[in-house]
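Contents: one structure, followed by commentary.
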Amino acid sequence: AQTVTQSQPEMSVQEAETVTLSCTYDTSESNYYLFWYKQPPSRQMILVIRQEAYKQQNATENRFSVNFQKAAKSFSLKISDSQLGDTAMYFCAFMNTGNQFYFGTGTSLTVIP
Amino acid sequence: DTEVTQTPKHLVMGMTNKKSLKCEQHMGHRAMYWYKQKAKKPPELMFVYSYEKLSINESVPSRFSPECPNSSLLNLHLHALQPEDSALYLCASSQDEGLAGEATDTQYFGPGTRLTVL
């Protein structure tokens, strides 16, 4: 069974600073996708970034980037130049070949002005 | 356009009521999902439809009944719910279920229906 672990229930960061959210997962599969989703207080789940397991290059989307370590089964999210709008719950997710999503327990990020 | 819409936004119902949640997407996606989410918890998968056929049912009680009338619509029929069923119900869609067995695509989520069962 796949498991996704987010060991930081809550984090905070000063505006304009950089923060890293950690995520580890456990799987025996070799082909899969990893995602970071953001859920602001309005509750709409929004895709932040995704990574294909077969790609060694780390995905980036503007201020968001990941550090994907396949051997270590680690998938951390780095947010640069944090903005107040980044305040949200962040979920790491794993998707297997059966298209089933497995979510981590989430990290509540607060950006402090 | 990556929009998934859900109606209603809020729903309050008694334990003897029958109600339905609706989800719609026009992205040509062939897989659609229902999730249940409690406050400050991750979404829990309930059902998956692939090409309008139910492919996954995560042992959900029969008081929840999904329906996929066509490739763009997904309903969740509710009957005789319990107060513990109060939650945010999220719908999502993705390109397909990976018919060749490979992992495919991102799930796009709707805004959810906030359900309260009295």
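Every number here is computed from the coordinates shown, using simple stated rules; none is lab data. The model shown is predicted, which means the values in this text are computed figures rather than measured ones. A quick note on method: Cβ atoms are made from the backbone with ideal geometry, for glycine too, and the neighbour counts reach across all protein chains shown.
Computed values, structure above
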{"quantity": "Kirkwood Rh and Cα Rg combined as Rg over Rh, evaluated for chain B", "calculated": "0.96"}
{"quantity": "Amide N proximity, segment B:69-92 versus B:Arg63 label position 7 Å along Cα-to-Cβ, cut-off under 14 Å", "calculated": "B:77-87"}
{"quantity": "For segment A:2-41, the spread of Cα positions along each principal axis, largest first, Å", "calculated": "38, 20, 16"}
{"quantity": "For A:Ile112, B:Ile56, A:Ile79, order by how many other beta-carbon atoms lie within 10 Å, fewest first", "calculated": "A:Ile112, B:Ile56, A:Ile79"}
{"quantity": "15 Å cut-off, amide nitrogen to a point 7 angstrom out along B:His10 Cα→Cβ, residues in segment A:38-65", "calculated": "A:42-43"}
{"quantity": "Contour excess over end-to-end distance, with Cα ends at A:Gln2 and A:Leu47 and 0.36 nm allotted per residue", "calculated": "14.2 nm"}
{"quantity": "Over segment B:13-77: Rg over Rh, Cα atoms, Kirkwood Rh", "calculated": "0.98"}
{"quantity": "Pairwise label distance in nanometres, B:Met27 with B:Glu3, each label 7 Å out on the Cα-Cβ vector", "calculated": "1.3 nm"}
{"quantity": "Per-residue average of Cβ from other chains inside 10 Å of A:37-47", "calculated": "5"}
{"quantity": "18 Å cut-off, amide nitrogen to a point 7 angstrom out along B:Arg114 Cα→Cβ, residues in segment A:82-113", "calculated": "A:88-89"}
{"quantity": "Least to most buried among A:Met95, A:Met89 (fewest other Cβ within 10 Å first)", "calculated": "A:Met89, A:Met95"}
{"quantity": "Efficiency of FRET between A:Leu84 and B:Ala39 - r from beta-carbon atoms, R0 25 angstrom, step 0.05", "calculated": "0.65"}
{"quantity": "Unit charges on C-beta of K, R, D, E only; dipole of the protein assembly as shown, Debye", "calculated": "520 debye"}
{"quantity": "Contour excess over end-to-end distance, with Cα ends at A:Thr27 and A:Ser12 and 0.36 nm allotted per residue", "calculated": "2.4 nm"}
{"quantity": "Rg over Rh, two decimals, chain A (C-alpha only, Kirkwood Rh)", "calculated": "0.96"}
{"quantity": "Compactness of the protein assembly as shown as Cα Rg over 2.2 N^0.38 Å, two decimals", "calculated": "1.02"}
{"quantity": "Unit charges on C-beta of K, R, D, E only; dipole of chain B, Debye", "calculated": "640 debye"}
{"quantity": "Which of A:Asp86, A:Asp26 has the fewest Cβ neighbours within 10 Å, and the rest in rising order", "calculated": "A:Asp26, A:Asp86"}
{"quantity": "Listed residue (A:Thr18, A:Ser42, A:Thr97) projecting farthest to the positive dipole end of chain A, Cβ model", "calculated": "A:Thr97"}
